[in-house]
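Data first, discussion second: the structure below is written as structure tokens.
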Amino acid sequence: GAAALLATFAGTVSASALTVGFSQIGSESGWRAAETTVTQQQAKDRGVDLKFADAQQKQENQIKAVRGFIAQGVDAILIAPVVATGWDAVLKEAQEADIPVILLDRQIDAPDDLYLTAVTSDQVHEGKVAGDWLVGAVGDQECKVMELQGTTGSSPAINRKKGFEEAIAGHPNITIARSQTGDFTRTKGKEVMESFIKAENGGKDICAVYAHNDDMAVGAIQAMKEAGLKPGSDIKVVSIDAVPDIFLAMENGEANATVELTPNMAGPAFDALEAYLKDGTVPPKWIQTESKLYTASDDPKAVYESKKDLGY
Ligand code: GZL
């Protein structure tokens with residue numbers, strides 16, 4: 001927008017000159033809430049004026065927010081895209097307005113000249129790490145897995161399913177017997193797990209739950225306990241995000257493993273944006289964040305303490 005161009009001309013652009021619009025998906029999970037907290041803090045630390053819009057998990061609300069940011073003439077736009085498709089038109093409008101767009105935590109199916117960069121984890125790898133952990137945990141015992149998928153059509157749901165299936169492909173004793181979306185929320189995760197337990201005659205034959213995020217796993221753990229089942233021991237629980245509450249569950253012997261996802265996507269995003277606006281440095285199209293496996297043997301209480309005040 002104008003402010004950045006003017007400042008670029010003056011060659012003295014700094015974060016203090018920037019107004020950035022952020023179209024956030026919503027607050028469906030603890031991880032999402034942490035990402036919002038961290039992004040607002042990163043903006044504050046850098047003197048960026050952040051315009052925040054919560055879409056309540058609806059793409060049409062995200063598109064409206066982005067159009068609003070374009071009309072305001074912001075200097076840049078951050079989007080955490082709820083689903084992978086349907087973005088071309090609005091991103092072309094941002095491009096025509098000469099407003100750079102950065103994607104946070106989810107990829108989209110669109111030509112990559114429509115955005116400056118995407119800051120995300122390797123979600124296929126996350127699913128693979130989760131699947132590899134289960135393979136190691138069950139050996140050659142028969143294992144019926146219940147899968148709680150993330151939001152239908154989102155890149156993490158598509159990719160985490162793919163990675164997990166790659167991991168178990170060579171192990172015919174491990175099968176995904178039921179798979180349904182829990183939309184990344186605790187409530188839906190619990191509801192879907194209740195239906196799985198009913199469909200699996202009380203759940204005693206269920207060997208494992210693979211949830212695309214910890215919030216659905218926490219909901220599923222609740223459902224299993226209410227059905228008199230033993231999550232974490234009779235039924236293995238593996239998920240992704242590494243939010244504080246999954247470490248409490250591990251501490252209580254009710255969860256087994258999680259793959260960490262940093263909520264700090266905004267740090268690398270703002271670094272790339274400032275370098276681009278200041279020196280014209282073009283970032284790579286993908287800035288990858290780390291994925292680390294945590295299990296119940298990694299001092300869950302200490303990890304919980306280290307994460308509990310980070311805004312989840
Ligand atoms: C993944 C991110 C997912 C988290 C969920 O990058 O988009 O969305 O894993 C959140 O907790 O709902």
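The values are calculated or read from the model by the stated rules, or taken from the named source; none is laboratory data. If you're wondering where the values come from, they're calculated on a predicted model, not measured in any experiment. Quick reminder, even Gly has a Cβ in these numbers, built from the backbone with ideal geometry, and neighbours come from all protein chains shown. Ligands, DNA and RNA are excluded from the accessible area calculation, which covers all protein heavy atoms including side chains. Shrake-Rupley method; radii C 1.70, N 1.55, O 1.52, S 1.80 Å.
In table form, for the structure just shown:
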quantity	calculated
Residue pairs meeting the criteria (Cβ under 7 Å; at least 6 apart or on separate chains; first in contact (Cβ under 8 Å) with a residue 40 or more places away in the chain, in the stretch 263-291; second among the acidic types (Asp, Glu) and open to solvent by 20 Å² or more (accessible area, probe 1.4 Å))	Lys285/Asp112; Gln288/Asp122; Ser291/Asp122; Ser291/Glu260
Unmet requirement for Gln57, which otherwise passes all of (1) on the phi > 0 side of the Ramachandran plot; (2) more than 16 Å from the ligand (Cβ to nearest atom)	(2)
Residue tally, condition more than 16 Å from the ligand (Cβ to nearest atom), surrounded by 15 or more Cβ atoms within 10 Å (Cβ to Cβ) and part of a strand (DSSP E or B), over the stretch 139-178	8
Residues of the stretch 60-75 satisfying the condition of being closer than 19 Å to Val119 by Cα and assigned to a helix (DSSP H, G or I)	Gln62, Val66
Check on Leu91, crowded, with 22+ Cβ neighbours inside 10 Å and in contact with a helix residue (DSSP H, G or I) (Cβ under 7 Å, 6 or more places away or on another chain)	yes
Residue list for the stretch 30-50, restricted to those being closer than 9 Å to Ala266 by Cα, open to solvent by less than 50 Å² (accessible area, probe 1.4 Å), away from the ligand (no atom under 16 Å from the Cβ) and not small (Gly, Ala, Ser)	Gln42
Residues of the stretch 111-131 classified as of a type outside the set (Gly, Ala, Ser) and either at positive phi or in a helix (DSSP H, G or I) (or both), total	9
Failed item, numbered, when Gly26 is tested on (1) under 17 Å from Lys92 (Cβ atoms); (2) under 13 Å from the mean Cα position of the chain (by Cα); (3) surrounded by fewer than 21 Cβ atoms within 10 Å (Cβ to Cβ)	(1)
